Amino acid sequence: SHWQRQQIQNFLGVPASKLTVLQNAIDPIDIDLVDKPDPKDGINIIYHTTPHRGLELLVPVMDWVEQMLPDINWHLDVYSSFEIYGWKERDNEYKELFEKIKKHPKMTYHGFKPNEEVKEALKKAHIFALPSIWPETSCIALIEAMSAGCICVHSSLAALPETSSNWTLQYD
């Protein structure tokens, strides 16, 4: 990302003329927005990235939503595990959080699933929630969620504004 390039210039002193940005891309998700589930039947929220990117913030926020808006029908699907990188043992520090999600009646923990399965879930999701606390250099999960027609709610940390081209709902 351009944000990452700026960090390399600022902190490592590499001149801009020596740096090139190759931006991320995805195969677009083939979706007919007419086929999205009607949100009147329930709001489908998805988190589909590794847990260290803010999942520990999202779960209590959803508890707060449940408490403040008990009549709102929502469901959070969590596709999250370091297994995607072959680091299954790194999930151990998130065991309690995963258990809390599993026990919550409005949350489903899916762990690691192949990208095709996650893309199918994105087609049914209304909102992609990414309370990112990790300084992303780009975010494939955000790009996929945007491609799937999700309303994307995320922090403005690092390269997320650049990744989303400001087409999302972001907060400082």
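The values are calculated or read from the model by the stated rules, or taken from the named source; none is laboratory data. None of these values were measured; they are calculated from a predicted model. Counting neighbours? That spans all protein chains shown, and the Cβs are built from the backbone with ideal geometry, glycine included. In case anyone asks, the SASA skips ligands and DNA or RNA and just uses the protein heavy atoms, side chains included. Shrake-Rupley method; radii C 1.70, N 1.55, O 1.52, S 1.80 Å.
Out of Thr137, Thr163, which single residue is touching a residue at least 60 places away in the same chain (Cβ under 8 Å) and open to solvent by 50 Å² or more (accessible area, probe 1.4 Å)?
Testing whether each residue is touching a residue at least 60 places away in the same chain (Cβ under 8 Å) and open to solvent by 50 Å² or more (accessible area, probe 1.4 Å) leaves just Thr137.
Of all residues in the range 26-59, how many are open to solvent by 20 Å² or more (accessible area, probe 1.4 Å) and among the aliphatic types (A, V, I, L, M)?
The qualifying residues number 6.
Name, by its number, the condition in (1) modelled with pLDDT of 95 or more; (2) surrounded by 21 or more Cβ atoms within 10 Å (Cβ to Cβ); (3) farther than 29 Å from Asp35 by Cα that does not hold for Glu93.
It fails just one condition, (2).
Identify the residue in the range 107-134 that is charged (D, E, K, R) and over 17 Å from Ile43 (Cβ atoms) and, among all such residues, is least open to solvent (accessible area, probe 1.4 Å).
Lys119
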